[in-house]
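Have a look at the structure below before the remarks.
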Amino acid sequence: MKRYIVKRICISAATLLVILLILFLMLELMPGSPFNDEKLTQSQVALLNAKYGLDKPVFIRFLNYVKNMLSGDFGVSYTISKNTSITTLLSTRLPISIRIGGQAVLMGTVVGLILGLIAALNHNTILDTLTTVISVLGVSLPSYVFALGLSYTLGYQFKWFPLLYQQQEAVKSSVLPTISLAMFTVATVARFTRTEMLEVLGSDYMLLAESKGLPGWRLILIHGLRNALIPIVTVLAPLVVSLMTGSLVVEKIFSIPGIGSLLVTAIQSNDYNVIVTLAFIYSAMYIGIMLAVDILYGLIDPRIRLAKEDDYEQS
Amino acid sequence: MNKDKVLSIRDLSISFQTSAGEVNAIRGVNLDLYQGETLAIVGESGSGKSVTVKAIMGILSGNGKIKSGTIDFTSRKSGEEVKEALLSYSKKEMRRRINGRRIAMVFQDPMTSLNPTMPIGSQIMEGMRYHYKTNKKEAYEKAVKLLDLVGITEPEKRMKSYPHQLSGGMRQRVVIAIALSCDPEILICDEPTTALDVTIQAKILELIKEIQKKTGISVIYITHDLGVVAKVADYVAVMYAGKVVEKGLSEEIFYEPRHPYTWGLLSAMPDLNTDDEVLYTIPGSPFNLLNKTEGDAFAERNRFALNIDYRLEPPMFQITETHYAATWLLHENAPAVSMPEALKERIKRMGEEVDLRGGE
Ligand SMILES: Nc1ncnc2c1ncn2[C@@H]1O[C@H](COP(=O)(O)OP(=O)(O)OP(=O)(O)O)[C@@H](O)[C@H]1O
Ligand SMILES: [Mg+2]
């Protein structure tokens, strides 16, 4: 298992590097230069180029770029907030987005699992129907519909939660965006859990476990859920991606000062450096999730884990 | 007979609610299992063998309903007789008191009956840990011993294996080890060898017999292979369409069968010594349990059927103290019909073979 994880981490790091290279080259191919002020003379530009290392070959500059990035230096913003370093720009925004996104992932999977379990254990009863209705709604309505609906009812009419994000009420403000974002995940995970759990409950090994006289919780959690989780884990990665895209809209609706709204603004105002940095961050998050899912998959299913280990032994 | 009864099923009826209607899977079954003996239940696919034993374990599927009957379990483990009415227990009570710990079961398909995500050692230890609160070390040691007992080499190494790393025969041995882990008083084997290939079948069968000899456990053995029955059973019950149509001591069923359905089963049994014979099959297909029965469910496939068979279901006629059959042919007014000549020949041959081998 260790070798499997190490290998997966190496692959992920390599993928990230390739993405970074592509982003870097895209920046390279962008027309113009940072020093296109008409007052600068030719020699002054050359001096500046030398100072910032822009006279070096592309390869060296890429290495520098990676080095800077690893030390947390993503360059400066051009238009949104002139000459502020992107690191400063992100330092307040990234945590907000990660918190809301993380909460949504957590809520989505946990609530989804619980709903799916309830539906499967109460197959063909009113509870089952109810969760099916929730799933269908959650899958078919986009997150902004929930965002608008929630802010109208819980925000505007009941005034339980602020309509727009407020820095001083960070936790309370994050509730509605989290729910809106999580609904799709809740629905999808619930539907999957129900189907998989029903299949597992009808399996021979569940019958054997029951005939061993194990207590109910052990049957459901250790013998049932663990096996049902295997296919559920595979849908997690795409779900997280859809959650990231959803966050762009939801952050706008609730005026959340996160990276989603920053990306939208940056695209609108052609702030290349910011766009590239955010694109990189999104890719990194996605690859991180894939890695986590892969490792989780191996942890849950010994067939995968051992098959991979056997591969290593042979090769 | 003054043998000790361990399990006694009386008038058991079970139906399943399905989209096509109510399936009357079990219709008034009476069976007894005696201490240290093997009761074999035989019959075609769909005759209700599995449903009967699942009812004993309280693991019928959700749409199954017990319509009538009792299942009494008499335990002598503590030295005195304790009688329990199993059907009065809830599923939860069954799991806590009976399942695994006092009655254990081995299922048909070892490829699917082990949890794929749990090492086999844990699957064996689980029952002891839960039922007897055995500590980890003792449970581990006992599990290793059990693996050894069921004939798995290098048991310590195998404890950590996952089911997919074992062959079908090995997996069935593991399932048997799981069943034996809590020292149950009854072992139910539901076609334990059907999914295995022939050489392994014989080995698993040997294993079960050996275990019975060592532990004195009472066994219910389900199969549709009469050859297997001859090897293991003390007492045989033949089931058809949710009923026991004939039951008796193993010798009585093999040498003096009285029900035309049993005749059919015996004639359909492959005979290893004569290969020129065309294999007999019982005509028609199994009775559809969705239909209401009028008369004998076997009548349509029975070439000895009497008129009354189409109108009235036959009662159980007693032939000897231990031998019963449900066929109108045993009624005092019935015409004298005896079993087909070819079968008579066959039975005679079988008897001689057994004698030649020294009366096995
Ligand atoms: N869950 C269920 N729902 C509906 N019908 C069922 C259910 N379980 C069993 N039955 C029906 O009950 C009858 C008896 O089934 P059972 O499994 O006991 O047969 P069997 O004798 O064990 O056959 P086999 O040799 O194929 O295992 C069958 O007709 C089957 O269709
Ligand atoms: Mg069966």
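The values are calculated or read from the model by the stated rules, or taken from the named source; none is laboratory data. These numbers were taken from a predicted model, which means no experiment stands behind them. FYI the Cβ positions are ideal-geometry reconstructions off the backbone, even for glycines, and counts take in every protein chain you see. With ligands, DNA and RNA removed, areas are computed over all heavy atoms of the protein, side chains included. Shrake-Rupley method; radii C 1.70, N 1.55, O 1.52, S 1.80 Å.
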Restricting region B:213-234 to residues that are open to solvent by less than 30 Å² (accessible area, probe 1.4 Å) and more than 16 Å from ligand 1 (Cβ to nearest atom), the one farthest from residue B:4 (Cα to Cα) turns out to be B:232
Pick from region B:52-75, criterion in contact with a strand residue (DSSP E or B) (Cβ under 8 Å, 6 or more places away or on another chain) and assigned to a loop (DSSP other than H, G, I, E, B), ranking: nearest to the other protein chains (Cβ to nearest Cβ): B:59
Within region B:116-124, can one find any residue that is modelled with pLDDT of 95 or more, open to solvent by 10 Å² or more (accessible area, probe 1.4 Å), polar (S, T, N, Q) and closer than 21 Å to residue A:226 by Cβ? yes
Hey, could you check region B:87-97 for residues that are closer than 20 Å to residue B:127 by Cα and assigned to a helix (DSSP H, G or I) and say which is nearest to the other protein chains (Cβ to nearest Cβ)? B:95
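Per-residue answers, yes or no, for (1) open to solvent by 10 Å² or more (accessible area, probe 1.4 Å); (2) closer than 30 Å to residue B:254 by Cβ:
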| residue | (1), (2) |
| --- | --- |
| B:43 | no, yes |
| B:46 | yes, yes |
| B:62 | yes, no |
| B:84 | yes, no |
| B:90 | yes, no |
| B:131 | yes, no |
Residue pairs meeting the criteria (Cβ under 6 Å; at least 6 apart or on separate chains; first within 21 Å of residue A:23 (Cβ to Cβ), in region A:45-68; second of a type in the set (A, V, I, L, M)): none
Being over 30 Å from residue A:245 (Cα atoms), open to solvent by 50 Å² or more (accessible area, probe 1.4 Å) and part of a helix (DSSP H, G or I) is true for just one of A:47, A:21, A:17. Which residue is that? A:47
Hey, can you tell me all the residues within region A:195-235 that are more than 9 Å from chain B (Cβ to nearest Cβ) and in contact with a Ser or Thr (Cβ under 7 Å, 6 or more places away or on another chain)? A:228, A:232, A:235
Go over the candidates B:215, B:262, B:193, B:223 one by one and state the one that is more than 14 Å from chain A (Cβ to nearest Cβ), more than 15 Å from residue B:110 (Cβ to Cβ), among the β-branched types (Val, Ile, Thr) and within 16 Å of ligand 2 (Cβ to nearest atom). B:223
Residue A:184 versus (1) part of a loop (DSSP other than H, G, I, E, B); (2) in contact (Cβ under 8 Å) with a residue 40 or more places away in the chain: which is the lone unmet condition? (1)
Of the conditions (1) within 14 Å of chain A (Cβ to nearest Cβ); (2) open to solvent by 40 Å² or more (accessible area, probe 1.4 Å); (3) not charged (D, E, K, R), residue B:201 fails just one. Which one is it? (1)
Of all residues making up region B:173-212, the number that are more than 23 Å from residue B:74 (Cα to Cα), within 16 Å of ligand 1 (Cβ to nearest atom) and modelled with pLDDT of 90 or more: 2
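Test residue B:40 against the criterion of being assigned to a strand (DSSP E or B), within 16 Å of ligand 2 (Cβ to nearest atom) and touching a residue at least 40 places away in the same chain (Cβ under 8 Å), and give yes or no.
For residue B:40, the condition - assigned to a strand (DSSP E or B), within 16 Å of ligand 2 (Cβ to nearest atom) and touching a residue at least 40 places away in the same chain (Cβ under 8 Å) - is met.
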Residue list for region B:105-119, restricted to those being within 7 Å of another protein chain (Cβ to nearest Cβ) and of a type in the set (A, V, I, L, M): B:105, B:114
Could we say that residue B:78 is part of a strand (DSSP E or B), open to solvent by 20 Å² or more (accessible area, probe 1.4 Å), out of contact with any helix residue (DSSP H, G or I) (no Cβ under 9 Å at 6 or more places or on another chain) and hydroxyl-bearing (Ser, Thr, Tyr) here? no
Which residue pairs have Cβ atoms under 9 Å apart, sit 6 or more places apart or on different chains, and have a first residue in region A:1-21 that is free of Cβ contacts under 8 Å to residues at least 24 places away in the same chain and a second that is aliphatic (A, V, I, L, M)? A:11/A:291; A:13/A:287
Residues of region B:1-29 being of a type in the set (Asp, Glu) and more than 10 Å from ligand 1 (Cβ to nearest atom), which ones? B:4, B:11
Taking region A:64-85 on its own, how many of its residues are farther than 19 Å from residue A:271 by Cβ and surrounded by fewer than 11 Cβ atoms within 10 Å (Cβ to Cβ)? 3
Give me the residue from region B:125-163 that is more than 20 Å from residue B:207 (Cβ to Cβ) and part of a loop (DSSP other than H, G, I, E, B) and, out of that set, nearest to the other protein chains (Cβ to nearest Cβ). B:162
Top-ranked residue in region B:244-280 [being among the polar types (S, T, N, Q) and more than 16 Å from ligand 1 (Cβ to nearest atom); ranked as modelled with the highest pLDDT]: B:250
